[in-house]
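A short write-up of the structure that comes next.
Just so it is clear, none of the values below were taken in a lab; they were calculated from the coordinates. Computed from a predicted model, the values in this text were never measured in an experiment. In this analysis, Cβ positions are derived from the backbone assuming ideal geometry, glycine residues included, and neighbour counts consider all displayed protein chains.
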Amino acid sequence: MSIVQIDGFPKCSFKFVNLPSRNTSYKNHFEKGRAVKSLREEAAVLGRNWLVKAKKTLNIPLVTRGFVMVNVYCQHEGLMDVHNIDIKPVMDGLVDAGIFQDDEWAFIPLVTYRWAGIDDRGQRRTVLDIYELAGLVINNEGQLLPLGRRRL
């Protein structure tokens, strides 16, 4: 049995429309680079705006040990691999904004994907709910959360 302990409600949530699939094919490397840069910048702006509205200081990360639940709303009931949504540029942007110290496993040891339903506007929408992870139990053994490397 595995148990995930989280502290109450999400610390924050971020909504994105039409995040690309990992299977998306681009014409060339430069087109992919522009798309990744754009998503990263969008996430950084959303993260900074959230911190400003919440009146949080920008010099310390909001979440020290994160659990990210990726909620995928589909445009129809057809087949879709929800785990193919590419959140890497989004996570990098949230690090840039100061939501996380880094997106390595020491700071975000758990990411889950779930099908969250059909979007009422017919869009593929992805909502990232970010929780502070209090504890993690896998196979009835408490798993120590890693300390992570120190940043200079």
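Values as computed for the structure displayed
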| item | result |
| --- | --- |
| All-pairs Cα distance distribution in segment 39-114, expressed in whole percent, bin size 10 Å | 19, 45, 27, 8, 1 |
| Qualifying lysines (Cα of each under 19 Å from Cα of Lys88; at least 8 residues distant if same chain) | Lys15, Lys32, Lys37 |
| Neighbour-limited loop hits for trypsin sites (Lys or Arg not before Pro), segment 66-132 (at most 15 other Cβ within 10 Å; DSSP other than H, G, I, E, B) | Arg121 |
| Within segment 27-114: Cβ-based charge dipole about Cα centre, in debye rounded to nearest 20 (Lys, Arg +1; Asp, Glu -1) | 320 |
